[in-house]
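Here's the structure we're looking at; comments come further down.
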Amino acid sequence: MRPLVFAARSLRREFRHAELATLAAALVLAVAALAAVATLASRVEHALLASAAELLGGDLALGASQPLPPEFAAEAQRLGLASHRLVEFPSVLFAGEHSKLADVRATAAPFPLRGRFSVRDAHGVEHAAQTPPSGTLYADHAVLVALGLGVGGSVQLGDRAFVIGGEIASAPDNGDPFRIAPRVVMNLADAEAAGLLGPGSRTRQRLLVAGDERAVAAFAAWAKPRLPAGGRITTLADAQQNLQGAFERGESFLRLAALLAALLSGVAVALAAQRFARRKTDEVALLRCLGAGRGEILAALLLELALLALPACLAGLALGLGLQELVLRLAGGLLPGAPPPLPWAPPLAAFAVGVAVLFGFALPPLLRLRDVAPLRVFRRDTGTRVRRFDVLYLLPVGVGALLVALGAGNARLALTLGAGFAGIGVVTFVLGLGLLRLVRVIAARLHGALRFGLANLARRRALSLLQAGALALSLTALAVLGVVGPSLLERWRADLPPDRPNWFLINLQPEQRAPLQARLHELGAGNVKMLPLAVGKLVAINGQAPKLAEADDRRGESAVNGEIRLSWSEALPPANRLLEGHWPALQPAQPELSVERGWARLFGLKPGDRVSLSVGEREIVATVTSLREVDWTSFHPNFFLMLDPASGAGLPHSYVASFHLAAAGDALAALSRDFPNVSLIDLNAVLDRVRDIVGRVTQAVTWVLGFSLLAGVLVLLAALAATADERRIEAALLRTLGALRRQLSVAVLAEFAALGLVAGAIAVAGAATLGSVLARQVFRLDGYAPPLLPLAAIVLGAALVVALAGWIGTLRIARAAPLAVLRRG
Amino acid sequence: MSERTETVLTATQVSKIVDGPDGRLTILDDVTLAVARGDSLAIVGASGSGKTTLLGLLAGLDRPSSGSITLAGACLDALDEEARARLRRRLVGFVFQSFHLLPALSAEENVMLPLELDGRADARERAGEALARVGLERRRHHYPHQLSGGEQQRVALARAFVHAPQILFADEPTGNLDQRTGAGIGDLLFALNREHATTLVLVTHDGALAARCAHRLTLRAGRIDGSGA
């Protein structure tokens, strides 16, 4: 026997039968779902990163306090990257009696490398802009209001006069969205000519580059060791740091969808493989009888599986890639700019996972065929040796776990899903056993077909449990995709309430608090939050000079060497969550300190550690009493370190405030004039950015969820078809014995509806629990309540589909002549 | 066949033609027969002569391409599959060569099937009695894979007789059994047949079994070759 030739022939012949075709279809579907979802997820991620480039104005920015040596631009050019020089400096603009401090950006063409720069002309019409022509500059609305000018007006900057050529409508932020002063954009040559860049000016030089991803990475690697002192590289990841939460949540959503699609497909492949193995049993017995060795049989089986896997995975890949392309085309506004290039890793991974799923889930039943007794040829009921525990069955569990681990890319997501699905499996088994006993008792009291159907469920205990388990897992995955996912997205959107603070105010003196609060109240500002701010230095930790847990940490370095901002509050401020310990007491005997988790990690701090800080003339040694988690995307004033109020009150301090004010413009310009020491920071641009990202991500995720859902429904139907064999012969026999179509229908409906309801009830509970845990642990959304009614509705609907699918399958059998089925059987 | 008593089964000019890969194939050609109540008929013939197809048609498990069949006074051609099922449930019992027991059901549950389908409340009790009659009362909770071939066929016999059918169709009932076990099953089949005064139609290769029937009918390539006394 030549295994390869035999396997190829076997495959060709057996493809005519339903089992192999189902196995192939399940595999095609699995790979298609995975490839489509993972590729789409990757392209959306890529597009989101590209939108970070819009934020930065390029793919990478180098910053330094002196002009960068020319070899930097030369290297960028050598690597085929476009580059652009930009100088930023604060300066005051004058117009008549008015003056305004502005954040000036002097640029040279081409500007910007990435993103959109547009200005409004004198008629308020917005159009795309480039570097302003010589003698002209573009300014933010706040500058024009403060100077009492419109477009076309004249201002003095440095020693030259300029014409306001337009009002800035949108411009990249160069990675720093928190601007203290409004923006002015001017021509670099003009800035030099006006003497604004001379010695002593506080300029920040930037070189922005853009181009091929690998070239950008190569440039970053080249530039890093050559940067002058105080120089800094800002990557796309850095640029989106303020929006990190939004990106991470979006990514987690996409991964969740991809992962569930993969698990669903695994269930379908496993069921189809079981069915295929059953059909193969007779053939293997015959081959053994005819003298084939176990090794040869095993080789032929493995080869047949491989010959099936290759084209099925390829077909799935083609289908999946086609589908994700279709989604991208249909959802035109989904991604900004041109669709990102097709990534090679996700399709390749989908292919590999397809092969792993097939071998992982199909090998155990096939490998057992090795042990089929040749005697089976003579007596069909000579079963394979039954083992109580077979180590082979750990293989699909292992592949499933590997899928979760690889697909999640996030330990919490992996753990939550893994534990969730394992829990559902165990609950189904335990609850199922109990319910089957109950069903047996109930069935005994019923009559006719209903009794027959329910009794069947209890009689086929192993099969019923297997089906209930597969259904419960599939329905849970469907409920998570169909209901929990969208409701989490909705909750996320609700996380950006309309009264979210859009202005920040710093440097407010204690005596100005009351008048400013009154003024804000007058203006109709809402959601006003005010916290004291003291600036100090970190002196020691536990009596020793502060030492970073990781030496190469920029944020840590600035914490050790730079200023530290402290605050205090009687109660835990909003957007803060205590992780460990207690909030500093009002008047403790010794100073107490609450530390943000990330900052604590920099120095390996834990409750009980002592932190020494110097503020002005004073030194405080505070004991860490709690660790906190802070939602930095809340747009409230937040601090790494918070003292107890009694210790804080004695320190020199100012106040920071956040508030929401719609259509602030001119009113705030007046406020700024009346409180000249106070700086106002406009958060509207950042907020718009976050809303934009959340909008895009939710739209993309909705598509991906929708696709996974569709895959899930198809897989569910495939899973049901995989158990149709048992029923086919049975239904034919019952027909022979005189069962009516109505009796078969009622029996099957009762059986499947009971199965669907049990699995559905478990799925509702499972999906609701998973949703709550995902919301808290993975998506960090507080106060999420899973929508139980829609969950129950979708699961009831799915149970109905399950019952109908079973019923329709039986109808087909009931129409066929029983003799034909029995003879084929 | 017997003209003296009531005829329970007749087939008139029955043919069965199917579409095969090489065109149309005539499996049965112009078969006419009649069986009287309480009588027994053996259908014999070489493999592929159409025996099992004829049995299936007579039992109403399939429809003839032409001709008509009357079972217990009901013309099967006029009945749809649903009505034929109703008729089978009341009047017909079956024994198959490969037993056709449901593997997930115990011996007792397999025997209960026809009674449960008929909505009988005393199904378990009657199944127990039927199993006792075939000598398997101690194996009632065993599953088919725990029973020998002979035992499985005895369970099938218990199932066939449990609802006291008027007519029993048996397709090679000893075909899967050794000679001795087959003989035992044959004895049991004829004993039950006598006890219940059932009409018996059986298809067999087993000459001894065929010889125990009152009548024999030989099929050759789908046509009746002749019939015994």
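Order these peptides, A:534-544, A:414-424, B:107-117, by their mean beta-carbon neighbour count within 10 angstrom, highest first. Provide the component values of the computation, followed by the final result.
Details: A:534-544: 15.5, A:414-424: 19.0, B:107-117: 25.5.
Most protected by this proxy first, the peptides run B:107-117, A:414-424, A:534-544.
State whether region B:2-73 is rounded, prolate or oblate according to the following rule on the C-alpha gyration tensor (a ≥ b ≥ c being the square roots of its eigenvalues): a/c under 1.5 gives rounded; otherwise a/b larger than b/c gives prolate, and the remaining case gives oblate.
Details: a/c = 2.66, a/b = 1.92, b/c = 1.39.
Since a/c reaches 1.5 and a/b is larger than b/c, the shape of region B:2-73 is classed as prolate.
With a 10 Å radius around each residue's Cβ, average the other Cβ atoms per peptide and rank A:755-766, A:102-113, A:787-798, highest first.
Working: A:755-766: 24.0, A:102-113: 21.2, A:787-798: 17.8.
The packing order, highest mean first, is A:755-766, A:102-113, A:787-798.
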Amide proton proximity set for residue B:142, modelled H, under 5 Å, gap of 5+ | B:107, B:108
Across 10 Å bins beginning at 0, the whole-percent shares of Cα-Cα pair distances in region B:1-158 come to 10, 31, 31, 23, 5, 0
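Using the beta-carbon distance between residue B:180 and residue A:315 and R0 = 60 Å, what value does 1/(1 + (r/R0)^6) give for FRET efficiency, to the nearest 0.05? Could you put the intermediate results ahead of the total?
Details: r = 55 Å, r/R0 = 0.92.
Calculated transfer efficiency: 0.60.
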So the pair-distance distribution of region A:503-682, from every Cα-Cα distance in 10 Å bins, comes to percents of 9, 36, 33, 17, 5, 0
Counting other C-beta atoms within 10 Å, which of A:530, A:642 has the fewest, and how do the rest follow?
-> A:530, A:642
Give the order of A:682, A:782 when sorted by the count of other beta carbons within 10 angstrom, beginning with the fewest.
-> A:782, A:682
Relative contact order in percent for chain B (Cα pairs under 8 Å, 6+ apart) equals 27 percent
For each of A:125, B:155, count neighbouring Cβ atoms within 10 Å of the residue's Cβ, then give the residues from fewest to most.
-> A:125, B:155
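In percent, how large is the relative contact order of region A:111-170, given Cα pairs closer than 8 Å and 6 or more residues apart? Please list the in-between numbers first.
Details: 95 pairs, mean separation 24.6, N = 60.
Taking the mean separation of contacting Cα pairs over the length of region A:111-170, I get 41 percent.
Using a Förster distance of 60 Å, how high is the FRET efficiency between residue A:518 and residue A:127, based on the Cβ-Cβ distance and rounded to 0.05? Walk me through the intermediate numbers first.
Numbers: r = 42 Å, r/R0 = 0.70.
My answer for the efficiency is 0.90.
Between residue A:170 and residue A:777, what is the FRET efficiency for a Förster distance of 51 Å, r being their Cβ-Cβ separation, to the nearest 0.05? Could the numbers behind the result be given before it?
Details: r = 37 Å, r/R0 = 0.72.
The formula returns an efficiency of 0.90 here.
Can you tell me how much longer the chain between residue A:578 and residue A:298 gets when fully stretched, taken as 0.36 nm per residue apart minus their C-alpha distance, in nm with one decimal? Intermediate values should be presented prior to the final figure.
Details: separation 280, 0.36 × 280 = 100.80 nm, distance 5.80 nm.
Result: 95.0 nm gained on full extension.
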How high is the relative contact order of region A:503-682, in percent, counting Cα pairs under 8 Å that sit 6 or more residues apart?
-> 38 percent
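Every number in this text was worked out from the coordinates using simple rules, so none of it is lab data. None of the values given here were measured: they were computed from a predicted structure. For neighbour counting, all protein chains shown are included, and Cβ atoms are generated from backbone atoms with ideal geometry for every residue, glycine included.
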